Amino acid sequence: MDKSQRDLLVFGYGLAVISAIFGVMGALKHGIGLPQVVLGACAIVFCGVTAIQWEALRPGYKGWMKVAHLIGTVVTTAILGVVFFGVFAPVGILFRLIGKDHLERKFDRAAASYWHKRPIAEPDPERYKQQY
């Protein structure tokens, strides 16, 4: 079974299961009405189409993937914006106010080099066994 067939089967059976769950939950909460019957019928149709002719799900699957990609782009942008403006920007402003420069970006024209001398230590064979 190739990936596209598996994706379509998961899409079809997934829609059937989701429709069935919403139909049953609605029936338990509100009793059996038109929405619950429609959701049950959708679950049966999705299950049947997926079992008999799964290729028919391809246009719906492609459309859903475009919508999902758009939703993912919007949500990712929003989350990254909140993290940047809620965490990194205030920390950066605070560091500028108190004069911290952890990256040592200031120029020192009198310095011969910006390299930091590192102490030379004897190799320890025990460090090679568990590197992480």
Cβ-Cβ below 8 Å, separation at least six or inter-chain, first residue in the stretch 106-132 and farther than 28 Å from Arg96 by Cα, second of a type in the set (A, V, I, L, M) and surrounded by fewer than 10 Cβ atoms within 10 Å (Cβ to Cβ): which pairs?
none
Unique match (being among the aliphatic types (A, V, I, L, M) and touching a Ser or Thr at 6+ places or on another chain (Cβ under 8 Å)) among Ala20, Ala27, Ala16
Ala16
Does Ile44 meet the test of being open to solvent by 80 Å² or more (accessible area, probe 1.4 Å), touching a residue at least 12 places away in the same chain (Cβ under 8 Å), closer than 27 Å to Val17 by Cα and among the aliphatic types (A, V, I, L, M)?
yes
Among the residues that make up the stretch 108-119, is at least one of them in a loop (DSSP other than H, G, I, E, B) and closer than 30 Å to Ser19 by Cβ?
no
The lone exception for His30 - which of (1) in contact with a Gly (Cβ under 9 Å, 6 or more places away or on another chain); (2) farther than 19 Å from Tyr61 by Cα it fails
(1)
Pairs please, first residue from the stretch 49-77 and at positive phi and open to solvent by 80 Å² or more (accessible area, probe 1.4 Å), second anywhere and aromatic (Phe, Trp, Tyr) and in a helix (DSSP H, G or I), Cβ atoms under 9 Å, 6+ apart in sequence or on different chains.
none
Within the stretch 1-12, considering residues that are of a type outside the set (A, V, I, L, M) and open to solvent by 90 Å² or more (accessible area, probe 1.4 Å), the one nearest to Gly60 (Cα to Cα):
Arg6
Looking only at helices (runs of 4 or more DSSP H) that fall completely inside the stretch 1-107, which ones have 2 or more residues that are over 31 Å from the mean Cα position of the chain (by Cα)?
3-30, 34-52, 89-98
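The values are calculated or read from the model by the stated rules, or taken from the named source; none is laboratory data. Remember, it's a predicted structure, so these values are computed and weren't measured experimentally. Every residue, glycine among them, receives a Cβ derived from its backbone with ideal geometry; neighbour counts consider all protein chains shown. The protein model used for the area step is the full one, side chains on, heavy atoms only, and it has no ligands, DNA or RNA in it. Shrake-Rupley method; radii C 1.70, N 1.55, O 1.52, S 1.80 Å.
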